[in-house]
Amino acid sequence: MNNINPDQHINDINETLLTGVTRSQVYQRGQLATAQQDWLAEEVPVALVYNGISHVVMMCTPKDLEAFALGFSLSEGIIESPRDIYSIEINQTCNGLGGAN
C-alpha cells in the first residue's frame, strides 16, 4: 500500500502513485482568500467475470486491478486459494474495465 503523508505538499508526491485529477479550491474568510489544491480520486466501473459469466461490477481506482480481483475472489469465497486462478485479463471498454478469471 502506498503511504502518502497528508501534510506533504501536493507537488512533492510521486504522481505515479496517484490516480485522479487535481482540483483547486479558493477559500475566503473576510478579506483573506487562500487557494488550495487537492486530489480527487479517479474511479471507474470494473466488472469481474468468472468463466464468461459476469459476477459483479464495482467502482474502484484503476490501479492494482489484479490484486483487487484476487482479494475480491478470496473474500467472497469464489476461490479458496490464489492457485485456483488460471488467468486474469484486464480489458478496457468504453464503459470501464473488465477483469476475467
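The values are calculated or read from the model by the stated rules, or taken from the named source; none is laboratory data. Just so it is clear, the structure is predicted and the values come from calculations on it, not from any experiment. Glycine also receives a Cβ, built like all others from the backbone with ideal geometry; neighbour counts cover every protein chain displayed.
Tell me which strands (runs of 3 or more DSSP E) are completely within the range 13-99 and hold 1 or more residues being surrounded by 10 or more Cβ atoms within 10 Å (Cβ to Cβ) and modelled with pLDDT of 90 or more, or say none if there are none. Working first, answer last.
Working: elements: 20-29, 32-41, 44-50, 53-60, 89-93.
Output list reads 44-50, 53-60.
Can you tell me which residue among LEU70, LEU74, LEU48, LEU65 is in contact with a helix residue (DSSP H, G or I) (Cβ under 8 Å, 6 or more places away or on another chain), in the same structural domain as THR93 (by TED's automatic domain parsing) and closer than 13 Å to ASN91 by Cα? Talk me through it step by step, then tell me what you get.
Numbers: LEU70 fails: closer than 13 Å to ASN91 by Cα; LEU74 fails: closer than 13 Å to ASN91 by Cα; LEU65 fails: in contact with a helix residue (DSSP H, G or I) (Cβ under 8 Å, 6 or more places away or on another chain).
Matching residue, one of LEU70, LEU74, LEU48, LEU65: LEU48.
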